[in-house]
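Comments concern the structure below.
The values are calculated or read from the model by the stated rules, or taken from the named source; none is laboratory data. Nothing here was measured: the structure is a model prediction, and the numbers come from that model. Every residue, glycine among them, receives a Cβ derived from its backbone with ideal geometry; neighbour counts consider all protein chains shown. The area values use the complete protein model at the heavy-atom level, side chains included, leaving out ligands, DNA and RNA. Shrake-Rupley method; radii C 1.70, N 1.55, O 1.52, S 1.80 Å.
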Amino acid sequence: MSGFAENVAPAPQADLALARQKASGSSFYAAMRLLPRAERDAMFAIYAFCRAVDDIADDGLGTRAERHAQLQSWRDDLAALYAGKAPSHTQFLNDAVARFNLKQDDFLAVIDGMDMDAAEDIRAPDWNTLDLYCDRVASAVGRLSVRVFGMEEKPGIETAYHLGRALQLTNILRDVDEDAGIGRLYLPREALAEAGITGDDPETVLRHAAIDKTCRIVAARARIHYRGVSDILATRPRGLLRAPRLMAAVYERILDKMERTGWAPPRARTRVSKVELIGILLRRGLTA
């Protein structure tokens, strides 16, 4: 791919159909099926947007400048959408934005997060930089989502804050080898240093004997955020809460499994089976 002209989004119907196809079989898809039709369609529109800009950051095609230009074209298109003009990329978001009052700043934050990946290969960021990254690529998506779920502002924003970070840190721990394969290392430098690991070469770091200690430090931070989600939802705020409950339950189950097996090499990517997913749905009363 060369230049953003070749990354023009397909028609809205194709965007949403592709989003459903890519999500099918995932815990995200299961969570979205718990929602009413209008909310489900809005969430798939958000998902389609996130996949489109994530693919720009991660596909490795084109120069970094070209990928930045592609992401900028999405920013420009969002500006057109919110100005009531006719955008080329983001028309498929129109219904969701209008129905659920989705904020332009949250979409822009997602793009800013993807631009962090496009600008350079992130390697051993400090905790503050990692937290900013998590806010942009995950909690910003949460802020869009809680509006679709109909949550009130304060508990909704707090849920997005904690759930986004919990899920993203879990993803980072699950995908350490996959990320290393494209030159990235999201484990924070402070956690590496606490375990006695120096340097930021992904493959070298992941072979270190103390990598398990580093990952458990990150896992402990994720646990704090899962508890934050649980505490908020325990107050029974208004809204469609089954979807965020399921996402938290599934990803915390992934974290449970990783903590049991550890992160010493060789590592296998941790998954939740369909049987486990059904079990979570039944145990938590999420099927009603």
For this session: Scan (1) open to solvent by less than 10 Å² (accessible area, probe 1.4 Å); (2) at pLDDT 95 or above; (3) part of a helix (DSSP H, G or I) for the single condition L102 breaks and write down its number.
Result: (3)
For this session: Could you run through region 14-37 and say how many residues are at pLDDT 90 or above and open to solvent by 30 Å² or more (accessible area, probe 1.4 Å)?
Result: 2
Exercise. Out of all the residues in region 203-246, which are closer than 30 Å to L192 by Cα, open to solvent by 20 Å² or more (accessible area, probe 1.4 Å) and not hydrophobic (A, V, I, L, M, F, W, C)?
Worked result: E203, T204, R207, H208, D212, K213, R216, R221, R223, R227, S230, D231
For this session: Residue by residue through region 38-95, note down the ones that are touching a Ser or Thr at 6+ places or on another chain (Cβ under 9 Å), crowded, with 21+ Cβ neighbours inside 10 Å and part of a loop (DSSP other than H, G, I, E, B).
Result: H89
Exercise. Restricting to helices (runs of 4 or more DSSP H) lying wholly in region 118-211: which have 2 or more residues that are within 25 Å of P36 (Cβ to Cβ), among the hydrophobic types (A, V, I, L, M, F, W, C) and at pLDDT 95 or above?
Worked result: 140-148, 153-174
Exercise. What are the pairs, 6+ residues apart or on separate chains, where a residue within region 113-129 that is closer than 18 Å to V218 by Cβ has its Cβ under 7 Å from a residue that is open to solvent by 20 Å² or more (accessible area, probe 1.4 Å) and modelled with pLDDT under 95?
Worked result: none
Exercise. When residues of region 154-180 are filtered for being surrounded by fewer than 22 Cβ atoms within 10 Å (Cβ to Cβ), touching a helix residue (DSSP H, G or I) at 6+ places or on another chain (Cβ under 9 Å) and closer than 27 Å to D41 by Cβ, how many remain?
Worked result: 5
Exercise. Would it be correct to say that D115 is of a type in the set (D, E, K, R), touching a His at 6+ places or on another chain (Cβ under 8 Å), within 30 Å of E194 (Cα to Cα) and at pLDDT 95 or above?
Worked result: yes
